[in-house]
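Everything below concerns the one structure shown next.
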Amino acid sequence: MIRKLVIFGVGLIGGSLALALREAGYCQEVIGCSRNAAHLQKAVDMGVIDSFTLEPQAAVQDADMVLLAVPMGAMGRLLEQIRPALPADAVLTDAGSTKGSIVAEVEQVFGKAFARFVPGHPIAGREKSGVEAAIPDLYVNRRVILTPLPHTDPAALRAVEDMWRMTGAVLESMPVELHDRVLAATSHLPHVLAFSLVDTLLNLPMREDIFRYAAGGFRDFTRIASSDPVMWRDICLANKNAIVEMIGKLQADLSEFAALVEQQDGEGLYTRMSRAKQARDSYIAYLENHKASAQETPDDQ
């Protein structure tokens, strides 16, 4: 049971966690904190949080669980603000899409031996964003990846595990570096591709015709280009090395595809396309069999 949960960034991710824990009867009090009083008041009116404050240090007073669900670029400053007031026995966790950057920031602010931080990443989202989109069953059968460090307090890890289990999530654990490389490939790169493709088409002279006559395939492929640019800018900067590595690999493969098309190599194109089709079909079959989605949606954070 969580006595006092503090959520920094009461949007889709934090709001859905609060609703899930309320429904499960697992949290006595939920406090929200951000810089937007009107947004936080809406969360109170919706029954997502009990109360709010605009002061980070006031928010964490007497807290036993603190969730950071703000954009990656805001994490460092927030950690500095809460450090003087964070209770010694409080558990600190996050919901960020990259783990290496937040681990480094926590170590910089709290020291390398700080053991009450449990890095986490819920792989969940919806087409809509904000606290208005929060739902109590967002995490049911969805993966939550935890990346505990060698010095992480086992009791703190259990507390975060228990919290996410109460939402119906499927818990997995992996090293920080592996998480960032995997997510760079499966989530961050696809978002970069969608943004880049739409931006490329905008610069073409026939762009009006392109968007007028675009069919369902274009809509499906570019859906995630409607994601929050601030959030994804921060993710790209926070996971720079892994994303640049994946972009480089894709550029090499695109060059090979271009060569196959230029050389009219139908057999080579068929081989590459068939291999990709089989891989994706297997992935979809895996998801259907395991009833848990590994696909991030635009609002994941």
Is the C-alpha gyration tensor of the chain telling us rounded, prolate or oblate? Criteria: a/c under 1.5 is rounded; beyond that, a/b larger than b/c is prolate, otherwise oblate. prolate
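Please report the carbon-and-sulfur percent of the accessible area for the chain; probe 1.4 Å, protein heavy atoms only, DNA, RNA and ligands left out.
Numbers: 8190 of 15190 Å².
The value for the chain is 54 percent carbon and sulfur by accessible area.
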Which aspartates and glutamates, if any, have their Cα less than 17 Å from the Cα of Lys240, not counting same-chain residues under 8 positions apart? Glu105, Glu177, Asp180
Would you mind pulling out the separation of the Cα centroids of the range 190-244 and the range 151-172, in Å? 34
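For the chain, what does the helix formula give at 222 nm: sum of -39500 (n - 2.57) over DSSP H segments with n ≥ 4, over the residue count, nearest 500 deg cm²/dmol? List each step's numbers first, then the result.
Numbers: 13 runs with 151 residues, N = 301.
-15500 deg cm²/dmol, from helical runs alone.
Answer rounded, prolate or oblate for the range 222-269, using the Cα gyration tensor with square roots of eigenvalues a ≥ b ≥ c: rounded when a/c is under 1.5, else prolate when a/b is larger than b/c, else oblate.
Because a/c hits 1.5 or more and a/b fails to exceed b/c, the range 222-269 counts as oblate.
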Which percentage, to the nearest 5, of the DSSP beta bridges contained in the chain is antiparallel? 10
Of all DSSP beta bridges in the range 50-200, what percent run antiparallel (nearest 5)? 25
Per residue, how much accessible area does the chain have with a 1.4 Å probe, in Å²? 50
With θ set to phi - 60°, apply the Karplus curve 6.51 cos²θ - 1.76 cosθ + 1.60 along the range 185-190 and write out the HN-Hα couplings as whole Hz, x wherever there is a Gly or Pro. 7, 8, 10, 5, 4, x
So, in nm, how far is label Lys112 from label Lys240 when the simple model puts each one 7 Å beyond its Cα toward the Cβ? 2.2
When we measure straight from the Cα of Lys4, which aspartates and glutamates land under 18 angstrom away, once same-chain ones fewer than 8 places off are left out? Glu23, Glu29, Asp50, Glu55, Asp62, Asp64, Asp89, Asp94, Glu161, Asp162
Non-local amide H neighbours of Arg143 (under 5 Å, H modeled in plane, Pro and chain starts lacking H): which ones? Ile123, Val170, Ser293
Taking the 0 to 90 degree range and rounding to the nearest ten, how far is the long axis of helix 240-262 tilted relative to the main principal axis of the chain, both from C-alpha atoms? 20
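The values are calculated or read from the model by the stated rules, or taken from the named source; none is laboratory data. For clarity, every value in this text was computed on a predicted model and none was experimentally measured. We place every Cβ from the backbone using ideal geometry, glycine too, and count neighbours over all the protein chains shown. Keep in mind that these areas ignore ligands, DNA and RNA; they rest on the heavy atoms of the full protein, side chains included. Shrake-Rupley method; radii C 1.70, N 1.55, O 1.52, S 1.80 Å.
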